[in-house]
1. Against the longest alpha carbon principal axis of the chain, how many degrees, from 0 to 90 and to the nearest 10, is the axis of helix 2-111 turned?
2. Out of every Cα pair in the chain, what percent are spaced more than 21 Å from each other?
3. How much of the accessible area of the range 9-112, in percent, comes from carbon and sulfur atoms when a 1.4 Å probe is used?
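The values are calculated or read from the model by the stated rules, or taken from the named source; none is laboratory data. Everything numeric here is computed off the predicted structure, so don't read it as measured data. Side chains are part of the model used for accessible areas, which takes the heavy atoms of the whole protein and leaves out ligands, DNA and RNA. Shrake-Rupley method; radii C 1.70, N 1.55, O 1.52, S 1.80 Å.
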Amino acid sequence: ESRPEESRLEESQITEESRSEESRSLEESRLLEESKLEESRLKESRLLEESRLEESKLEESRLEESRLLEESRLGESRLEESRMEQSTLEQSTPKSLHGVLTATVKSASMGK
């Protein structure tokens, strides 16, 4: 009778060890899955941050392009204004010069 008792004790011990091993194995699997999940979240977060940084650089580039375009338009506008002033001066100078020469000639001829 001692034999069946020993056998039951052995079976019980083996069953307990088996359960314990299974429990450890399940816990390790769970921890591994959690670790993979956390790693995945961190990677996703890093990629999202990189994406935001790229968007920010792109926006900065667009703003710089817009500013340069505006400066270019301003330069063209100033150039056009300068051309118009020059044209006005060219049109008015001969008349003024003609008037001054005429007055000088008249003044000189009166003085004679």
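1. 0
2. Summing the P(r) of the chain above 21 Å gives 77 percent of all pairs.
3. The value for the range 9-112 is 55 percent carbon and sulfur by accessible area.
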